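Notes for the one structure printed next.
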Amino acid sequence: MTSVQEHYTRHLGPVYAWMVGGVESAIETGSSELDSSGIVPSSGGLAVDLGAGFGMHAVPLACRGFNVLAMDTCIELLDELNHQRASLPITTVRADLLLFQKYLTGRPNVVLCMGDTITHLADADTVTRLISMVSAELSVGGRFVLTFRDYTKPLSDVHRFINVRSDVRRILTCFLEYGDTHVTVHDILLERDGACWRQEVSAYEKLRLSPQWLVSILRENAFEVFQSPGAAGMIRILALRL
């Protein structure tokens, strides 16, 4: 089994934009998610995008007037973000998300941790630590927005096999294997190579986070919390810094 960083660098990173339906479509979806989270234009405000990827949310944040700190560990995704940002006020950093404080240039008005990124953290203690750090840095009234999948209710039998995306040249399927605190995601990628198919397989772990637990930790760290359905079957949590 590989680490999250290795999994994205070697396996998912090169096909991630394809997996989510293309960069342009994903950025449009990201902009809609910002609307749903009540993130309005800001002239020179600071936003932090943890797990920014290729800029699904960082680009629309910058288009709304934010100076954006975009962090990720996958160089391939950050290279695509650097291509997408053009002259937009986005600073990209390849680093562990828990180091975000090191790169702040002021007190952020918005912090995002979207696209199931929070489940990539090592354990519940690390999640609690990140929330505490965000609470310490976020301006009063600022927004902390998280989206994630609820893996606390295990899928069974054939339902553990999920067709993520497929077309005439590429098929991505995942298989879920549940443990006590984590779910192991086995990503099976088939790519056409001439008349043949080439298969690559990689696996990594995600946290099984209870939405109720996450809400309680946020409240303990001076957030007012609102939970709602997110895009693509995820849960969205909007936390306002008190």
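Phi angles of segment 218-232 translate, via the Karplus equation with coefficients 6.51, -1.76, 1.60 and θ = phi - 60°, into HN-Hα couplings of 4, 5, 5, 10, 6, 10, 8, 10, 10, 10, 7, x, x, 6, 6 Hz per residue; Gly and Pro are given as x.
For the pair Ala124 and Arg192, label points projected 7 Å from Cα toward Cβ lie 4.7 nm apart. With the dipole of the chain worked out from charges on the C-beta (+1 for Lys and Arg, -1 for Asp and Glu) around the Cα centre, which of Ala203, Leu240, Thr2 lies farthest toward the positive end? Result: Leu240, furthest along the dipole toward the positive end.
Considering only Gly53, Gly45, Gly106, the Gaussian network model of the chain with Cα springs below 10 Å gives its largest mean-square fluctuation to Gly106. For Met234, no residue whose modelled amide H falls within less than 5 Å of its own remains once neighbours fewer than 5 places apart on the same chain are excluded. Evaluated with a Cβ-only charge set (Lys, Arg +1; Asp, Glu -1), segment 157-206 carries a dipole of roughly 280 debye about its Cα centre, given to the nearest 20. In order along segment 58-71, phi translates into HN-Hα couplings of 4, 5, x, 4, 5, 5, 8, x, 7, 7, 10, 9, 10, 10 Hz, rounded to whole numbers, per the Karplus curve 6.51 cos²θ - 1.76 cosθ + 1.60 with θ = phi - 60° and x for Gly and Pro. Among beta bridges identified by DSSP and lying wholly in the chain, the antiparallel ones come to about 70 percent. With Cα atoms defining each centre, segment 94-167 and segment 174-192 are spaced 19 Å apart in the structure.
Given springs between every Cα pair under 10 Å in a Gaussian network model of the chain, which of Asp150, Asp116, Asp193 has the largest fluctuation? Comparing Asp150, Asp116, Asp193 in the GNM, the peak value goes to Asp193.
Here His57, His159, His120 are placed in order of increasing Cβ neighbour count within 10 Å, fewest first, which gives His159, His120, His57.
By the count of neighbouring beta-carbon atoms within 10 Å, fewest first, Met114, Met19 end up ordered Met19, Met114. Here's the picture: charge each Lys and Arg Cβ at +1 and each Asp and Glu Cβ at -1 in segment 72-208, and of Pro108, Val185, Thr126 the one pushed furthest to the positive end of that dipole is Pro108. Residue exposure proxy: His83, His11, His182, ordered by other Cβ atoms within 10 angstrom of their Cβ from fewest to most, comes out as His83, His182, His11. Compared with the dominant principal axis of the Cα atoms in the chain, helix 75-85 is inclined by about 60°. Within the listed set Arg165, Arg129, Arg192, the Gaussian network model of the chain (springs between alpha-carbon atoms below 10 Å) gives the highest mean-square fluctuation for Arg192. For the chain, a simple Cβ point-charge model (Lys and Arg +1, Asp and Glu -1, everything else neutral) yields a dipole of about 360 debye relative to the Cα centre. Based on the Kirkwood approach, the hydrodynamic radius assigned to segment 157-206 is 11.7 Å, with every pair of different Cα atoms included. Projecting the Cα positions of Gly22, Thr173, Thr147 onto the charge dipole of the chain (unit charges on Cβ atoms of Lys, Arg, Asp and Glu, taken about the Cα centre) puts Thr147 furthest along the positive direction.
Every number in this text was worked out from the coordinates using simple rules, so none of it is lab data. Just so it is clear, the model here is predicted, and its values are computed rather than measured. With ideal geometry, Cβ positions are generated from the backbone for all residues, glycine too; neighbour counts draw on all protein chains shown.
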